[in-house]
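Structure record follows, encoded as structure tokens.
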Amino acid sequence: MSLTLSSPSSLVDLSFQVPTISAIFSVLTLHAGYNAAIVVVGTTLLGVAAGIIGVFALLRERALMADALAHSALPGLGIAFLVGTALGIDGKSLPLLLCGATLFGVLGTVVVQLLSRLRRLHEDAAIGVVLSSFFGLGIVVMSIIQNSGSGEEGGLSHFIYGQTAALQARDAFLTLGAAALTVIASTLLLKEFRLVCFDEEFARSDGWRVSRIDLMMMTLVVIVTVIGLQSVGILLIIALLVVPPAAARFWTERLPVMIGVSAAIGGVSGYVGASLSALFPRFPAGAVIVVVAGVFFFLSFAFAPARGVVALFVRRFLLRTRVTEDHLLRELYERLEQSNGDGDSLLRIGEGSRVVSLPELSTYRGSTPFARWLHRMLLQQKGYLTLTDRSTLLTERGYLAAARKVQNHRLWEEYLLTHADIPASHVDSSADLVEHTLSPEVVEKLKRKLRQRGTAVPESLHPLGSAFEREVP
Amino acid sequence: MIDFLSIDLPPLLAALFAAISCALLGNYLVLRKISLMGDAISHSVLPGVVVAFLLSGSRAGGVMFLGAAIAGILSALLIEGIRRFGKVESGASMGVVFSLFFAVGIIAMEQAAARSVDLDADCLLHGQLESIFWYPPLELSRFFSWSTLALIPSEVVIAFLTMLLTIGFLKLFSKELLLSSFDPELSTSLGFSSTLLYQLLMVVVACAVVASFRIVGSILVISMLISPAASARFYTERMKTQLVMSVFFAAITVFCGYTAGAFGPLLFGYEHSVSIAGMIAVSGGVLLVFSSLLAPQRGVLARKWRQRRLALAVRSDDILALLYRTEEQGGHLSRSKLLAHFFLPKRTAHVLRQLLAEGLIEEHGVQLSLTPSGKARAEQCVRSHRLWESYLVETAAVDRDHVHPMAERLEHFNTEELEGALEQALGELPTKDPHGKEIP
Amino acid sequence: MKLFQHQPELTSLSDRPEHSPESPLSVHSVTVAYHEKPVLWDIEYEAPRHSLIAIVGPNGAGKSTFIKACLDLIPRATGLVEFWGKSYRDQRTRIGYVPQRESVDWDFPISAEEVVCMGRYRKIGWFRPITRSHREKALECLEQVGMESFAKRQINQLSGGQQQRVFLARALAQEAELYFMDEPFAGVDAATERSIVGVLEQLKGEGKTVVVVHHDLSTVPEYFDHVLMLNARVIASGPVREVFTDENLKKTYGGRLSLLEEVGEAIARAGRGVR
């Protein structure tokens, strides 16, 4: 890449020209002139349409096919231009260009399908080759146009990175039409699309023409892609089809909701992206739209309640805490049991000179001081422990809780020993695996199964010493 | 000559070196079914280059290289993280990450341009192959002096070094890479962590992509990565051969692409050359299509031809066997009866003509009969058929009524080995088949 | 595999004397090849009416392949399959299918009820939305498998057995007369197993026919009344009491037939032309 450098000092100057509040307001409310309004409306609609059909493309695992489609459209644009010019029509007429783009885009996807049907190549290799070769052909055609001296290829290269500024009223109407078509078709075909996305084999056995449903789906993808070429560009249109649905997936487990969320994210990205691009100089709309959608994606990825990573880590952490807590209580109980502790209201662990402080417990071996502190705090919070400066005291409540845990554990051990044929030497660790996730109903069932009622704690089935060597999972 | 040395040779060499490193690495991408990681990395490299440039203010190769490599690795990690923790299908997580990186790159580039830095967006797409020049010395004796070597364009040098790096990496890790591509779990259990190898591979791919995208542009480099390896898949099953072929194909695509781009248009009386990088990518695609159609054994045409030949062989066996059985029962067969017996009479007529020409069948008036040599062939066939019938009934527990059509299928594939095994499986050789007919 | 067509393909089985048009499923001379290697050889089978039929055989014997070939899900190299004397295409509405549980992505954003509704899609037809009556039918089917309280549950929150029951309910919603079930008992809990058996009994009581790929030999006599023993070819078929014998089992499970394997490879090689 050719870089010529005028003054290095300007590079570190990262300040922007901050637009005034009123300018922001007028763009966002579509009052910044007819053209700006059209750009914003057009890209918003495009975002909605791509967000909807993208959901199905994603669930059908055809997302990258759309990328191949978009890249393959480039030679179509160039050839349509050349043919148009040769025939004396305006080479830049949009319908002509879009026809060329559609033709080559579809041709590209057909080649991908044919190549991957040969079984020597995985589909993604076919996609990669088709995508880059067709794009290469496009570059060649563009260089021919450039060299022909008409100087008109400038209009075409907008299609690569997208150029929202070039949007006109008819383009907005075209986008509106495409968006409306996508919404209507997706509503009518929701059930069919859902069927093939979820269980293609069943669909075929039930007599549905899967290829026909796929064809309709791909047609919508093609329409949205081609319409989006002008504003978002060949290189980035894939993002509008993939990013909003992928983001929406984090929020919901229901398809209609997912479609709605995806459409909303797509629409808002289009709206915000186009507005930002209008407000700041040299922020190409296509890229800004994608970045806004990307922000939505990463927010969803991190913070969505059901499937986000933060929620995932919190859940994992809570489970770990509960497991350690269970182990801790059980170990305390078992120590008491061994030292013939009785069920007094307040039990002392490590009486007299034999002070057992929590960090010495085997459950705690290898854990960090912070984890020890945290667990102690949590157990204290629940009223299971009271801490004096020299020893740790188990309260009545704590004792009962511990008894319950031990009962649980031993019931499982017994069940596994008698019903699941797991050897005695292994029941302890096997019971460890299951006991923490038990619901009260299951424990009740277990008791019935083992004809054991009440809250009595059964005897341990194995020497307790082994329990102290237990590691924190 | 001087023209060639200064105008054509440097870009050719640069493209060749770049194509070779890409093609070698591409083999592993294709075999691991992660071809699109190459795509993702080449898209992601853009922000790395631009941001490194914006931050450092220098266009030194090293800094930009570092930025690109970091971006490439970051994107690989991010794709994996999103796939694993977000449960997003891998294609989609690639799409999300690389398009986002690319978008950031475009914005950063525009911003750089705003600061009166000439970062040309188009160069990103077609590279700058055409602008690689070398001024060779006029006398031969000065060719190998330091001052001449220092004038070699940096693109050529970097591409060459990357090629050495790639070859070195692949040599060093050849068995580990092969193992982890084929069986990642075994590889990890043997102590070659497949994730580590994967990351290493991605680093080297990122390096190769960075070195090449200055030459052919960021989209077209994908073709260099995948096409040669994908084409080689149609010729061989062996890794070594595959690697060698991919290098060979890389060279072919570069030469064809260069010739077509630089000189092709002149042949049509067109005075300008067209984008060479584009042509290299196109020739990669054309190569793959050609290979898939014409490769000697795995190509589509070869397969079709083989199937046809096989069908003819089967039909000729069937005709001979039919004649044999008819004659065995003392009957005769006319041409028209024979044709009516089989599906696709045209094929039967064709095969019959061949058999007559080979002297396996004679025609007396309208009656067809086997010649002695034809009889021997037919015996072979009928024997194979009846042996299979016996085997199916005795060993495979197939119902007596159903063995005939099944044996009809199997009889054509008896090799000597298989026949020996068949005889062995039957123990004492039966003289009659399950229908009570004699085994010749 | 076209090369095996010696004679014009049969278009109907009606002219075959041993064929009875009342049989819900008749399979004639079906050969199936994967990647040009035959995995099923000349299958000949006629299913009796109103019965529960188990298909048994070792791993890789082609049990699932057999079902899929019947349902036109994979191409047959040769042969013909008829349902009540007509082609699959004509009788599609009378046939239900329970695929293997592993065949779908259970992380899909869909609820149990919506999955079961899929069984009604054929009856609803193109473009029309799912109406309340269909939803009620779906709920009814879920109830039959004891899953009504999980109707709104996301499928990825269900246990393996529950997922299997959802699939079963979907097939019930198809209201078919002949059912194909691919390994419905694989890896399910006891409650699910009981529920599936209950459904099978009920279907039989309604005069329907069910063909089940089954892997647990010990329960075959208890659950089924007919059996088809398969190992790349039909070993035996008929009432459980008659054909489910030690001898036949030994034939079915007595290892692979190395020669059949070998010639299969030879055919595949000839077709593929590799090496």
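Return one whole number: the accessible area per residue of the protein assembly as shown in Å², for a 1.4 Å probe. Intermediate values should be presented prior to the final figure.
Details: 50470 Å² over 1188 residues.
Heavy-atom accessible area per residue stands at 42 Å².
Taken along the Cα-to-beta-carbon direction at a fixed 7 Å, the label points for A:Phe25 and B:Gln424 span 9.4 nm.
The angle between the Cα long axis of helix C:258-272 and the main principal axis of chain C comes to about 90°, on a 0 to 90 degree scale.
Of the peptides B:19-31, C:60-72, how do they stack up when ordered by the mean number of other Cβ atoms within 10 Å, highest first? Can you show the working numbers first?
On the way: B:19-31: 27.7, C:60-72: 21.7.
Packing order, densest peptide first, comes out as B:19-31, C:60-72.
Computed from Cα positions, the angle between helix B:35-56 and the longest principal axis of chain B comes to roughly 0 degrees. A simple spin-label model places pseudo-atoms 7 Å from Cα toward Cβ; at A:Arg448 and B:Asp3 they are separated by 9.5 nm. Measuring max minus min along each principal axis, the C-alpha atoms of region B:206-258 give extents of 33, 25, 14 Å (largest first). At a 1.4 Å probe radius, carbon and sulfur cover how many percent of the accessible area of the protein assembly as shown? Carbon plus sulfur share of accessible area: 60 percent.
Across the residues of C:42-51, average count of Cβ atoms on other protein chains within 10 Å?
Details: counts 11, 1, 6, 0, 0, 0, 0, 0, 0, 0.
Across C:42-51, the average partner-chain Cβ count within 10 Å equals 2.
In region C:201-241, comparing the full protein assembly with the chain on its own, the residues that lose 10 Å² or more of accessible surface at a 1.4 Å probe are C:Arg233, C:Val234, C:Ile235. Give the angle, between 0 and 90 degrees and rounded to the nearest 10, that separates the Cα long axis of helix C:160-173 from the longest principal axis of the Cα atoms of chain C. The two axes meet at around 90 degrees.
Applying 1/(1 + (r/R0)^6) with R0 = 22 Å to the Cβ-Cβ distance of B:Lys337 and B:Glu438 gives a FRET efficiency near 0.40.
At a threshold of 50 Å², the residues of region B:299-343 that become less accessible to a 1.4 Å probe in the full protein assembly than in their chain on its own are B:Arg303, B:Arg306, B:Gln307, B:Leu310, B:Phe343. For region A:20-304, the Cα gyration tensor yields ellipsoid semi-axes of 29, 27, 16 Å (square root of five times each eigenvalue, largest first, whole Å). Amide H to amide H, with H built 1.01 Å from N, C:Val98 comes under 5 Å of C:Phe180, C:Met181, C:Asp182, counting only residues 5 or more places away or on other chains.
How would you rank B:389-397, B:351-359, highest first, on the average number of other Cβ atoms within 10 Å across their residues? Walk me through the intermediate numbers first.
Working: B:389-397: 21.1, B:351-359: 15.4.
Answer by packing, highest mean first, reads B:389-397, B:351-359.
Among bridges DSSP assigns within the protein assembly as shown, what percent are antiparallel (round to 5)? The antiparallel proportion sits near 65 percent.
Compared with the direct C-alpha span, the chain from B:Leu149 to B:Phe85 gains 18.0 nm at full extension, assuming 0.36 nm per residue.
Among the trypsin sites (Lys or Arg not before Pro) in region B:34-104, none sits in a DSSP loop with a Cβ that has at most 13 other Cβ atoms within 10 Å.
Only DSSP H runs of four or more residues enter the estimate; each adds -39500 (n - 2.57), and after division by the residues of chain C the mean residue ellipticity at 222 nm equals -9500 deg cm²/dmol. Residues whose amide H falls under 5 Å from that of C:Ile74, counting only those 5 or more places apart or on a different chain, are C:Ala69, with hydrogens built in the peptide plane. Among the GluC sites (Glu not before Pro) in region B:144-249, those located in a DSSP loop and surrounded by at most 14 other Cβ atoms within 10 Å of their own Cβ are B:Glu237.
For region B:5-101, the fraction of alpha-carbon pairs lying more than 17 Å apart is 61 percent, rounded to a whole number. For C:Lys86, the lysines whose Cα comes closer than 18 Å to its Cα, not counting residues fewer than 8 places off in the same chain, are C:Lys68, C:Lys208. In chain B, helices alone account for a calculated mean residue ellipticity at 222 nm of -23500 deg cm²/dmol, with every DSSP H run of four or more residues adding -39,500 (n - 2.57).
For C:Leu228, the residues whose modelled amide H falls within less than 5 Å of its own, excluding neighbours fewer than 5 places apart on the same chain, are C:Ala54, C:Ile55, C:Val56. Taking only the alpha-carbon positions of region B:303-426 and ignoring solvent, what does the Debye formula give for the base-10 log of I(q)/I(0) at q = 0.17 Å⁻¹? For region B:303-426, the Cα-only Debye profile gives -0.92.
Volume per residue of the convex hull around the Cα atoms, evaluated for the protein assembly as shown, comes out as 260 Å³. Region B:212-275 and region A:245-305 have Cα centres spaced 38 Å apart.
Once each of the GluC sites (Glu not before Pro) sitting in a DSSP loop with at most 12 other beta-carbon atoms within 10 Å is removed, chain C keeps C:23-205 as its longest stretch. Across the alpha-carbon set of region B:2-296, the Rg to Rh ratio works out to 0.98, Rh being the Kirkwood radius. For the residues of A:157-165, the average number of beta carbons from a partner chain within 10 Å of their own beta carbon is 2.
For region B:296-377, applying the loop criterion from DSSP together with a ceiling of 13 other beta carbons within 10 Å to the chymotrypsin sites (Phe, Trp or Tyr not before Pro) yields B:Phe343.
Computed from backbone phi with θ = phi - 60° and the Karplus coefficients 6.51, -1.76 and 1.60, the 3J(HN,Hα) list for region B:90-95 is 4, x, 5, 5, 4, x Hz; x is used for glycine and proline. Peptide A:242-250 shows a mean partner chain C-beta count of 5 within 10 Å per residue C-beta.
The alpha carbon centroids of region C:109-172 and region B:155-198 are separated by 49 Å. For a straight C-alpha distance cut-off of 20 angstrom, the lysines reachable from C:Lys250 (same-chain residues fewer than eight places away being disregarded) are C:Lys63. What the phi angles of region C:207-219 give under the Karplus curve with 6.51, -1.76 and 1.60, with θ = phi - 60°, is a coupling list of x, 9, 10, 10, 10, 10, 6, 10, 10, 9, 5, 5, 9 Hz, glycine and proline written as x.
Filter B:Lys437/C:Lys251; B:Lys175/B:Lys240; A:Lys405/A:Lys445; C:Lys123/C:Lys204; B:Lys304/B:Lys337; A:Lys191/C:Lys137 down to the pairs with a C-alpha to C-alpha distance above 21 Å, please.
Values: B:Lys437/C:Lys251 26 Å; B:Lys175/B:Lys240 11 Å; A:Lys405/A:Lys445 16 Å; C:Lys123/C:Lys204 23 Å; B:Lys304/B:Lys337 30 Å; A:Lys191/C:Lys137 17 Å.
Table pairs above 21 Å Cα-Cα are B:Lys437/C:Lys251; C:Lys123/C:Lys204; B:Lys304/B:Lys337.
For region A:95-114, backbone nitrogen atoms closer than 15 Å to the point 7 Å from A:Leu87 Cα along Cα-to-C-beta are found at A:95-104. The length gained on full extension between B:Lys171 and B:Glu379, counted as 0.36 nm times the residue separation minus their Cα-Cα distance, comes to 69.3 nm. Once divided by 2.2 N^0.38 Å, the Cα radius of gyration of region A:160-292 becomes 1.16.
Chain B contacts chain C over a buried accessible area of about 2900 Å², both sides summed; the probe is 1.4 Å and only protein chains count.
The values are calculated or read from the model by the stated rules, or taken from the named source; none is laboratory data. The structure presented is a predicted model; accordingly, all values stated were derived computationally and were not measured. Every residue, glycine among them, receives a Cβ derived from its backbone with ideal geometry; neighbour counts consider all protein chains shown. Heads up: the accessible areas ignore ligands, DNA and RNA and are worked out on the full protein's heavy atoms, side chains in. Shrake-Rupley method; radii C 1.70, N 1.55, O 1.52, S 1.80 Å.
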